[in-house]
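Colleague: Dropping a structure here in structure tokens format, bear with me for questions.
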Amino acid sequence: MDKGVVDGRGWPVAGELPLSGEPLPLELVNTTYVRGGVRGRRTDALAAGPQAVGGWLAARRDRFPDALAERLRGVESVPPVRYQEFLELRGALRSLAAARTSGAAPGADPLAVVNTLARSAARWPELAPGPDFRSVVRTAADDVGREALGEIAAAAVDLFSGPAAERLRACPAPGCILYFVRTHARREWCTVGCGNRVRVARHSRRARDGGVALEA
């Protein structure tokens, strides 16, 4: 379902992302979007820096494995090096999404970014020291930000190689740069707002050509 928060013109409300509820890799890709359609401006929800990534992660912590979700509860920011890695992963995922939806071969560089970060999602059980033979889960990541990057990258491997990839779409609305997984046969656009803008534009063109009723 379309879950974007939009105003009366179908634009994202200030401070809100236009689309949510997509797989985590697409949620990260969609933190860059165009506000205002064809004549709009490109907006980066993570432009404020490491705190923006911290807030984005905290708001989506229930989308991660339980142990990581708990660690993300109090996250307010990420280290600058992790911030840059989030931006790098986002760019790689956008490149792969564009390739997957257009039928092109993926680039070597974005593949390397995703595959390298996906290794950080590795986790395994170990026996903790002590007499009680307690099991603990260890991860390949050295901090919570890197662990989150690994989970998103690993989810991207599943997304682009799995059955959902056949339903992956780039929104065809003019001026839109968002990606979504088509959840039902009648869904054409990433959000209701994009669909409304396209229908209004069609109506305006047809009205100039002689006038027709607005499409339902």
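Colleague: Residues of the stretch 120-140 being farther than 19 Å from Pro65 by Cβ and exposed (fewer than 10 other Cβ atoms within 10 Å of the Cβ), which ones?
Modeller: Pro129, Gly130, Pro131, Asp132, Phe133, listed by residue number.
Colleague: Any idea which of Ala140, Ala98, Ala122, Ala105 is touching an Asp or Glu at 6+ places or on another chain (Cβ under 9 Å) and of a type in the set (A, V, I, L, M)?
Modeller: Values: Ala98 fails: touching an Asp or Glu at 6+ places or on another chain (Cβ under 9 Å); Ala122 fails: touching an Asp or Glu at 6+ places or on another chain (Cβ under 9 Å); Ala105 fails: touching an Asp or Glu at 6+ places or on another chain (Cβ under 9 Å).
None of the others qualify; the one that does is Ala140.
Colleague: Take the residues in the stretch 45-65 that are free of Cβ contacts under 8 Å to residues at least 40 places away in the same chain and either at positive phi or part of a loop (DSSP other than H, G, I, E, B) (or both); name whichever of them is least open to solvent (accessible area, probe 1.4 Å). Steps first, please.
Modeller: Going residue by residue through the stretch 45-65, those that are free of Cβ contacts under 8 Å to residues at least 40 places away in the same chain are 45, 47-52, 54-56, 58-63.
Right, trim to either at positive phi or part of a loop (DSSP other than H, G, I, E, B) (or both) and you get 45, 47-49, 60.
Details: Ala45: 45, Ala47: 68, Ala48: 93, Gly49: 7, Arg60: 33 Å².
Once the filter is applied, the top-ranked residue is Gly49.
Colleague: Residue by residue through the stretch 21-44, note down the ones that are surrounded by 19 or more Cβ atoms within 10 Å (Cβ to Cβ), within 14 Å of the chain's Cα centre (by Cα) and not polar (S, T, N, Q).
Modeller: Those that are surrounded by 19 or more Cβ atoms within 10 Å (Cβ to Cβ), within 14 Å of the chain's Cα centre (by Cα) and not polar (S, T, N, Q): Glu22, Pro23, Leu24, Pro25, Leu26, Glu27, Leu28, Val29, Tyr33.
Colleague: Filter the stretch 66-103 down to the residues that are touching a helix residue (DSSP H, G or I) at 6+ places or on another chain (Cβ under 7 Å) and assigned to a loop (DSSP other than H, G, I, E, B), then identify the one that is surrounded by the most Cβ atoms within 10 Å (Cβ to Cβ). I'd like the intermediate steps shown before the answer.
Modeller: Here is the first cut: in the stretch 66-103, the residues touching a helix residue (DSSP H, G or I) at 6+ places or on another chain (Cβ under 7 Å) are 68-69, 71-73, 75-80, 82-83, 85-86, 88-90, 92-97, 100.
So of that shortlist, the ones also assigned to a loop (DSSP other than H, G, I, E, B) come out as 73, 75-79.
Numbers: Arg73: 9, Val75: 18, Glu76: 10, Ser77: 17, Val78: 25, Pro79: 13.
For the stretch 66-103, the residue satisfying everything is Val78.
The values are calculated or read from the model by the stated rules, or taken from the named source; none is laboratory data. Since the structure is predicted, the reported quantities are computational estimates derived from the model, not experimental observations. Positions of Cβ are generated from backbone atoms using ideal geometry, with glycine treated the same way; all protein chains shown enter the neighbour counts. The accessibility values were calculated without ligands, DNA or RNA, using every heavy atom of the protein model including side chains. Shrake-Rupley method; radii C 1.70, N 1.55, O 1.52, S 1.80 Å.
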